[in-house]
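Read the structure below first, then the notes.
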Amino acid sequence: MNLMQGKKGIIFGVSNHRGIAYAIAQQLYRAGAEIAFTYAGEVMESRVRPLAEEMNAKIIMSCDVTKEDEVAAVFKECEKVYGKLDFVVHAVAFANKEDLMGRFIDTSNDGFTLAQNVSAYSLVTICRQAEPILNEGASVFALTYLGGEYVVANYNVMGVAKATLESCMRYLAADLGKKGVRVNCLSAGAVKTLAAKGISGFDKMLKAAIAKAPLQRNVSLEDVGKAGLYLASDLSTGTTGQILYVDCGCHAVYASLEEMEIIANSLA
């Protein structure tokens with residue numbers, strides 16, 4: 001399939017071969033795209049560089065997305081190597097581990113600010129620096145999660161950061177739409193990744209998702225990767241300012257019969 005043949009873009013946030021960002025990169029690469037990669041500091045380089053080299057990446061750079069000069073340097077290099085870009089994938093998120101357990105009310109100001117800056121404001125920074133070299137018809141999308149819309153146990157400060165991210169996405173879609181650039185979010189369901197293991201009680205979330213989902217299964221990394229390919233490609237030319245859910249239908253169901261029985265039995 002040559003859906004992305006001749007298309008060039010960048011992914012912020014690939015960290016290992018068991019993550020959503022890597023699954024998206026695989027689909028884009030298989031469809032013919034040229035992909036630039038960034039990694040978060042020297043510690044991550046040994047993980048990311050081999051993955052990027054597998055996909056013949058011409059650009060593999062360190063980038064702290066909270067530092068505008070580093071983001072600017074990345075896009076300057078992209079312009080030098082590629083000229084213009086057709087897609088940008090934002091797969092960056094971080095919160096202190098202690099803020100992903102217990103009560104949200106106990107979140108510190110520093111922890112709150114950190115999660116917001118890394119997970120949400122970075123999309124604004126990336127779009128601002130990317131804007132001059134985005135082709136008309138380019139696609140920008142960010143990874144989000146249902147915890148930005150509803151309370152999800154132990155997602156806490158990250159849920160609030162995702163809510164900010166989704167709002168930023170809509171305003172950016174309005175700004176960049178004038179240049180023919182679309183901006184969206186991809187909301188993946190509970191899926192086994194190394195990052196997800198940092199959420200307390202994640203195994204229970206996986207089981208609950210199966211009970212709730214109309215498709216009666218958890219979403220796979222391949223499912224999410226294909227959705228990312230859709231958003232990055234010309235298949236989604238009329239889609240912007242949207243959240244694309246890839247969660248086997250969990251977002252559409254308040255409570256399945258199985259869940260209600262479990263809750264009723266626990267209260268009996």
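The values are calculated or read from the model by the stated rules, or taken from the named source; none is laboratory data. Everything numeric in this text was worked out from a predicted model, so none of it was measured. Ideal geometry is used to build each Cβ from the backbone, glycine not excepted, and the neighbour counts take in all protein chains shown.
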Does the range 97-122 hold any residues that are more than 12 Å from ASN154 (Cα to Cα) and assigned to a loop (DSSP other than H, G, I, E, B), and which are they?
SER108
Please identify the pairs in which a residue from the range 31-47 that is at positive phi has its Cβ atom under 8 Å from the Cβ atom of a residue that is acidic (Asp, Glu) and in a loop (DSSP other than H, G, I, E, B), counting only partners at least 6 apart or on another chain.
GLY41/ASP64
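Kindly check whether there is at least one residue in the range 64-71 that is in contact with a Lys or Arg (Cβ under 9 Å, 6 or more places away or on another chain), part of a helix (DSSP H, G or I) and acidic (Asp, Glu).
Initial filter on the range 64-71 (in contact with a Lys or Arg (Cβ under 9 Å, 6 or more places away or on another chain)): 68, 71.
Next, from what is left, pick out any that are part of a helix (DSSP H, G or I): 68, 71.
Okay, now just the ones that are also acidic (Asp, Glu), so 68.
Among the residues of the range 64-71, at least one is in contact with a Lys or Arg (Cβ under 9 Å, 6 or more places away or on another chain), part of a helix (DSSP H, G or I) and acidic (Asp, Glu), which makes the answer yes.
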Could you figure out which of (1) in contact with a Leu (Cβ under 9 Å, 6 or more places away or on another chain); (2) farther than 20 Å from ALA115 by Cα isn't true of GLU53?
(1)
Keeping to the range 169-190, report how many residues are under 27 Å from VAL253 (Cβ atoms) and not small (Gly, Ala, Ser).
5
Condition check: under 24 Å from TYR230 (Cα atoms), surrounded by fewer than 18 Cβ atoms within 10 Å (Cβ to Cβ) and more than 13 Å from the chain's Cα centre (by Cα). Does ALA174 satisfy that?
yes
Kindly establish whether ALA211 is at pLDDT below 95 and either surrounded by fewer than 20 Cβ atoms within 10 Å (Cβ to Cβ) or on the phi > 0 side of the Ramachandran plot (or both).
yes
